Amino acid sequence: MTVTARDEHRRGRDIPDDSGPPHALPLVMMALGPFALGYFLSYVFRAVNAVVEEDLVREIGLSPSELGFMTAAYLGAFALFQLPLGVLLDRYGPRRVQTALMVIAALGALLFAFAGDGMTLTIARALIGLGVAGGLMSGFKSVVLWVSEPRRALANSIVMSAGAVGLLVATRPIQEASELLGWRQVFLILAGLTFLVALAIFLVVPEKQRTAGGESLARQVGDILRIFRDPAIISMAPLLATTAGVHVAIQTLWAGPWFRDVLGAGREEVANQLFYMAAAFFFGILFTGAIADWFARRGMSLLSVMVGFQLMYLVAQTGIVLQWTDYALVLWLIFGMSGQVAILAYPWLASYFGSALSGRAHTAVNLLIFACAFIAQYAIGAIIELYPAPAGGGYPAKSYTTAFGAFLVIQVAAMIWFALTAGFIRKRKGR
């Protein structure tokens, strides 16, 4: 019998037997809970600048370009660290890697709290982005190590739902805390909480027993290139990156202006709509994970469930592009609920590539998602700016149709590409 490279990886270090029985619930909670707290904080850090932006501009005197550069530093550091993150997760395990990263995030928050100029804020923001870069991927890697394969979709959704709670907290609660204590004190509190989470990960998360041996770092890095060349990645990566990336780009920036300029909503109503979307995101993550878990235990492919939800997501986007304002709330709630169903592909990827390569496979896809989010967020703004601004401020409603519609077309094309190439995945997996 021929031993494949994937079989060799499965016999590598800190890799469980995917076919073994599930671990006891308390042990799984110890293995996943601290990572969920880390991902909660990563979402708070991702969204908190939108709340304190006016304070930063007023107190530090940031120009629009300086503010944009500082914000991009977070996304840039986050995205650039995804590939080395995958290597580190597979080589050293999520417990050690995430502990170190959370300490870096805490130091970044501490520096942010005491910053007195734009450059210091930018460096601090980059440190935070680097420190939270492993928030979700470390949790997913721990799921691979501690949760039996049929339950991984549900476990992943539970970890990710912690981020949705962070998104909720980063709205009104953070704003009220900032008004009461000041934005610097808020970041001091966040720095302290991040240190505590790093300590919890180090002390509470169990260490997976390792076997002797392992791979060279050069081979691990080389595996990343093989992952990007794999037919499964070539087939599904455009769909995963565009759907999840566009969702991040719109929900974290352009949804609010759409409510203002298309619906004519005031500032308070815009805040309420964004809060509803964040709540929908939370329930959607749990709902899609539970549904996928139910279907997976009955033999249906996770990818089939994922595509079903993504079709619903694209239909909702179509209504938003066409500005069906009578159904705006329903459409945006569906958009918020189903925009991140790409996470259903992560346990499938872990099974396809094997546990030893799962961290690199996950972070390779995550890199593409955040790169797409970065491009989409700026490109949508560039398209909107092609239209003359109304005299009363804001942007013309038709500019959103053009901008959102362009990326809807791209997502539909990615869905068609996946449908045409999915046969190669089945053929490859069956070999």
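At a glance:
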| item | result |
| --- | --- |
| Yes/no for residue 278 being part of a helix (DSSP H, G or I), open to solvent by 10 Å² or more (accessible area, probe 1.4 Å), small (Gly, Ala, Ser) and farther than 27 Å from residue 223 by Cβ | no |
| Filter pass, residue 420 being outside any loop (DSSP other than H, G, I, E, B) and over 19 Å from residue 314 (Cα atoms) | no |
| Residue check, residue 177 free of Cβ contacts under 8 Å to residues at least 24 places away in the same chain and surrounded by 22 or more Cβ atoms within 10 Å (Cβ to Cβ) | no |
| Subset of the stretch 372-399 [within 30 Å of residue 80 (Cβ to Cβ), open to solvent by 40 Å² or more (accessible area, probe 1.4 Å) and part of a helix (DSSP H, G or I)] | 374, 375, 378, 382 |
| Enumeration of residues in the stretch 151-191 that are over 16 Å from residue 137 (Cβ atoms), of a type in the set (Val, Ile, Thr) and at pLDDT below 80 | 171 |
| Residue within the stretch 320-335 that is free of Cβ contacts under 8 Å to residues at least 60 places away in the same chain and small (Gly, Ala, Ser) present | no |
| Count of the stretch 234-275 residues which are farther than 20 Å from residue 375 by Cα, of a type in the set (A, V, I, L, M, F, W, C) and assigned to a helix (DSSP H, G or I) | 5 |
| So residue 375, is it among the β-branched types (Val, Ile, Thr), out of contact with any His (no Cβ under 8 Å at 6 or more places or on another chain) and modelled with pLDDT of 85 or more | no |
| Residue within the stretch 341-349 that is open to solvent by 20 Å² or more (accessible area, probe 1.4 Å), out of contact with any Phe, Trp or Tyr (no Cβ under 9 Å at 6 or more places or on another chain) and without any contact (Cβ under 8 Å) to a residue 60 or more places away in the chain present | yes |
| Qualifying residues in the stretch 305-343 (those that are within 16 Å of the chain's Cα centre (by Cα) and over 17 Å from residue 414 (Cα atoms)) - the one modelled with the highest pLDDT | 335 |
| Residues satisfying the stated conditions in the stretch 103-150, i.e. assigned to a loop (DSSP other than H, G, I, E, B), within 30 Å of residue 353 (Cα to Cα) and at pLDDT 85 or above | 132, 133, 134 |
| Answer residue from the stretch 90-117, given it is open to solvent by less than 10 Å² (accessible area, probe 1.4 Å) and of a type in the set (Gly, Ala, Ser) and is nearest to residue 370 (Cα to Cα) among those | 105 |
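Residue by residue, here is whether (1) surrounded by fewer than 24 Cβ atoms within 10 Å (Cβ to Cβ); (2) hydrophobic (A, V, I, L, M, F, W, C); (3) within 26 Å of residue 349 (Cβ to Cβ) holds:
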| site | (1), (2), (3) |
| --- | --- |
| 119 | yes, yes, no |
| 136 | no, yes, yes |
| 159 | no, yes, yes |
| 171 | yes, no, no |
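The values are calculated or read from the model by the stated rules, or taken from the named source; none is laboratory data. Note that this is a predicted model, so its numbers are computed, not measured. Counting neighbours? That spans all protein chains shown, and the Cβs are built from the backbone with ideal geometry, glycine included. The area values use the complete protein model at the heavy-atom level, side chains included, leaving out ligands, DNA and RNA. Shrake-Rupley method; radii C 1.70, N 1.55, O 1.52, S 1.80 Å.
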